[in-house]
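Laboratory data are not the source of any read-out in this text; all were calculated from the coordinates shown. Predicted model only: the values in this text are computed from it and were never measured. Every residue, glycine among them, receives a Cβ derived from its backbone with ideal geometry; neighbour counts consider all protein chains shown.
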Amino acid sequence: MIAASALCLLAAAGAASAMPHPEWHKGARIADTDWKRGQVVDYRSRHLRAPPRGYQWRDVDGNYVLAAIAGGAIADLIAHS
């Protein structure tokens, strides 16, 4: 019983980490704290489209986020984990 509960919690935690934050969507702004803790992504090696001028792909919480470097306007979001 305890082992089954632990497996359910682990599965839920893994699924939750791959889901985008509900407040993140095209046109919204990513919080500066979220943006800064994200890692810059090489879009070519990840087979992502080239970012427009002034935008950048970042890996934040298991999601690829394409957002404006100045201001954080989200242009695209892809769950990848």
Completion exercise
Taking every other residue with Cβ under 12 Å from the Cβ of Y43 and scoring Lys and Arg +1, Asp and Glu -1, one gets +1
Exercise for the section: Taking 7 Å along the Cα-to-C-beta vector as the label spot, tell me the R53-A31 distance in nanometres, rounded to one decimal. Expected result: 3.3 nm
